[in-house]
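Working notes for the structure below.
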Amino acid sequence: MIESTWERYRDHLRDIAKLVAAEALLEWDARTKMPARNGEYRGEQAGLLAGIIHQRRTAPEVGEWLDELRDAEIEDDALRAMVGELDRRFRKDSRVPGALVAETTRVTSVGQHAWVEARRNDDFAAFQPHLENIIRLKREYAEAVGYEQNIYDALLDDYEPRQSTAVVAEALAGLRAALVPLVSAITECDRTPDRSILTRHYPEAGQRELGRAAAAAIGFDFDRGRLDETHHPFCTTIGPHDVRLTTRYDEQFLPSSLFGTLHEAGHGIYEQGLPAEWFGLPLGSYASLGVHESQSRLWENLVGRSRAFWEHFYSLAQNTFPQALGDVSLDAFHFAINDVKPSLIRVEADEVTYNLHIIIRFELEQALLCGDLAVADAPGAWRDKYESYLGITPPNDAVGVLQDVHWSAGLIGYFPTYSLGNLYSAQLFAAAERSLGNLADMFRAGEFTPLREWLQEQIYRHGQRYPAAQLVEQACGEPLSHHALIAYLRNRFSALGFDLPPE
Ligand code: ZN
């Protein structure tokens with residue numbers, strides 16, 4: 001009885017996954033290959049498909065199946081975890097009134113257009129009423145779905161299931177306290193790399209070859225994936241054996257495609273490592289956005305910007321770009337790819353300052369949500385925080401409070417997942433090293449498989465079997481903390497010759 005209920009529900013979810021994969025393929029195509037003139041028709045197609053998917057997800061029988069399964073004694077642990085997660089999501093979604101969903105869709109759609117205009121004209125006042133509406137609707141959403149302690153918990157849970165705001169706030173406060181003096185020590189030191197090394201001429205064909213070689217070496221499986229070109233790089237999953245990476249080539253700036261490809265390949269390796277037999281079900285899906293980002297950042301930064309990685313790859317890079325890199329030493333190259341400089345724009349920030357950009361947004365959106373900060377005062381609060389954490393002041397709101405699309409799209413609670421990814425990446429890397437021995441020696445020899453297999457065993461194969469925080473804690477033997485990330489950054493930058501203050 002319960003078995004047949006589960007089988008019907010499972011097949012229903014697998015059918016939804018097929019539709020979602022079709023939706024992803026349409027979206028991938030629109031962002032990589034499609035002639036621009038087809039945009040309107042593609043939009044109609046995607047909208048029709050989204051409607052069909054929504055209908056299936058909210059079909060009345062889903063609630064009936066879950067009612068039966070919720071009360072059943074399920075012996076299999078994995079199955080019980082999966083049903084529990086499906087039930088939790090379903091109940092959360094069903095607490096949101098239809099009118100609120102429709103109103104949020106409308107307000108964020110208008111809000112995004114208003115944001116584009118406001119940013120173009122550096123006119124926060126024009127965006128302010130839209131943001132006020134969005135914050136109000138997000139509060140209503142949080143009240144409708146409910147939360148235990150902090151209103152922000154309800155929003156964070158959409159991206160980082162079952163994580164608590166208090167836990168994240170504590171980790172990020174510790175990170176901020178350690179980062180601010182680290183950033184000022186690095187910037188006050190008069191050691192700067194030769195930045196012009198990376199802006200020489202790097203022909204596109206060579207970038208394509210090097211990026212592909214690096215992605216394959218760290219374990220992205222090109223028999224089950226692709227790498228293509230786009231304007232705003234992303235990684236998407238089209239099926240259990242089809243993961244697509246995208247990148248952008250700038251012949252005058254090597255890092256955007258090189259580290260962008262490693263970043264997306266990290267996301268792709270995680271997707272390829274999820275159990276294919278559970279595709280479209282919680283056991284075959286990523287644990288959280290933070291865990292996803294931990295994989296992209298781990299391969300991009302902890303591996304890809306390490307000296308050992310380049311001891312292995314630098315001769316290939318020099319052979320690929322003899323004009324640009326022929327006269328550049330490995331040391332000079334490695335220093336240049338680890339350049340640190342406080343800047344205004346989050347997406348262009350280096351690895352050390354990046355988390356301060358996130359912490360600012362996390363602090364502001366919590367204050368906006370709970371009413372401690374009025375929307376009208378957000379631009380000033382933004383400037384004050386940039387000044388005190390990063391030592392720079394945005395000259396206008398376009399490069400200040402208006403720079404990101406997230407708030408206009410209603411994505412509140414999303415930003416901290418980027419920093420969780422960075423914290424998790426360093427904790428996982430340190431735990432892998434405790435278990436496998438010196439990883440740098442392996443990288444020097446071009447061996448990345450042991451690290452990937454450790455991650456496969458600890459993270460990828462579990463899908464959503466455990467809540468993200470528990471999954472990472474099990475793998476690392478310690479709860480969320482900023483210590484591993486700070487230790488890693490201090491190591492890297494003292495090895496680069498910086499004089500750092502004692503911790
Ligand atoms: Zn990412």
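The values are calculated or read from the model by the stated rules, or taken from the named source; none is laboratory data. None of the values given here were measured: they were computed from a predicted structure. Please note: Cβ atoms are built from the backbone with ideal geometry, for glycine as well, and neighbour counts cover all protein chains shown. The area values use the complete protein model at the heavy-atom level, side chains included, leaving out ligands, DNA and RNA. Shrake-Rupley method; radii C 1.70, N 1.55, O 1.52, S 1.80 Å.
Conditions first: (1) open to solvent by less than 30 Å² (accessible area, probe 1.4 Å); (2) β-branched (Val, Ile, Thr); (3) out of contact with any Asp or Glu (no Cβ under 7 Å at 6 or more places or on another chain). Thr192 passes all but one, so which condition is the exception? The number of the failed condition is (1). Every listed requirement among (1) assigned by TED's automatic domain parsing to the domain that holds Arg224; (2) within 16 Å of the ligand (Cβ to nearest atom); (3) closer than 27 Å to Gly391 by Cα is met by Tyr354 save one, (1). Scanning region 374-402 for residues that are under 26 Å from Thr105 (Cβ atoms) and either open to solvent by 30 Å² or more (accessible area, probe 1.4 Å) or at pLDDT below 95 (or both) turns up Ala374, Ala376. Only one entry in Tyr159, Tyr141 is of a type in the set (Phe, Trp, Tyr), open to solvent by 10 Å² or more (accessible area, probe 1.4 Å) and in contact (Cβ under 8 Å) with a residue 60 or more places away in the chain, namely Tyr159. Within region 16-28, residues that are among the aromatic types (Phe, Trp, Tyr) have Cβ atoms under 6 Å from residues that are open to solvent by less than 40 Å² (accessible area, probe 1.4 Å) in these pairs: Trp28/Thr236; Trp28/Arg244, counting only partners at least 6 apart in sequence or on another chain. Filtering Ser296, Ser285, Ser257, Ser306 for residues that are open to solvent by less than 20 Å² (accessible area, probe 1.4 Å), more than 16 Å from the ligand (Cβ to nearest atom) and either in contact (Cβ under 8 Å) with a residue 40 or more places away in the chain or outside the structural domain of Tyr460 (by TED's automatic domain parsing) (or both) leaves a single hit, Ser306.
The requirement of being closer than 28 Å to Ala22 by Cα, open to solvent by 20 Å² or more (accessible area, probe 1.4 Å), in a loop (DSSP other than H, G, I, E, B) and not hydroxyl-bearing (Ser, Thr, Tyr) is not satisfied by Val101.
Of the residues making up region 331-356, those that are crowded, with 16+ Cβ neighbours inside 10 Å and either free of Cβ contacts under 8 Å to residues at least 24 places away in the same chain or of a type in the set (Phe, Trp, Tyr) (or both) are Phe333, Phe335, Ala349, Asp350, Tyr354.
Does Ala185 meet the test of being out of contact with any Cys (no Cβ under 6 Å at 6 or more places or on another chain) and either crowded, with 18+ Cβ neighbours inside 10 Å or within 30 Å of Leu330 (Cα to Cα) (or both)? It is true that Ala185 is out of contact with any Cys (no Cβ under 6 Å at 6 or more places or on another chain) and either crowded, with 18+ Cβ neighbours inside 10 Å or within 30 Å of Leu330 (Cα to Cα) (or both). Region 298-381 holds helices (runs of 4 or more DSSP H) entirely within its bounds, and those carrying 2 or more residues that are within 30 Å of Glu209 (Cβ to Cβ) map to 307-320, 322-325, 330-336.
Looking at region 428-472, which of the residues that are closer than 24 Å to Leu155 by Cβ and buried (at least 21 other Cβ atoms within 10 Å of the Cβ) is nearest to the chain's Cα centre (by Cα)? Checked region 428-472; the qualifying residue nearest to the chain's Cα centre (by Cα) is Ala468. The residues listed here are Arg224, Arg248; of these, the one that is away from the ligand (no atom under 12 Å from the Cβ), open to solvent by 30 Å² or more (accessible area, probe 1.4 Å) and more than 25 Å from Arg200 (Cβ to Cβ) is Arg224.
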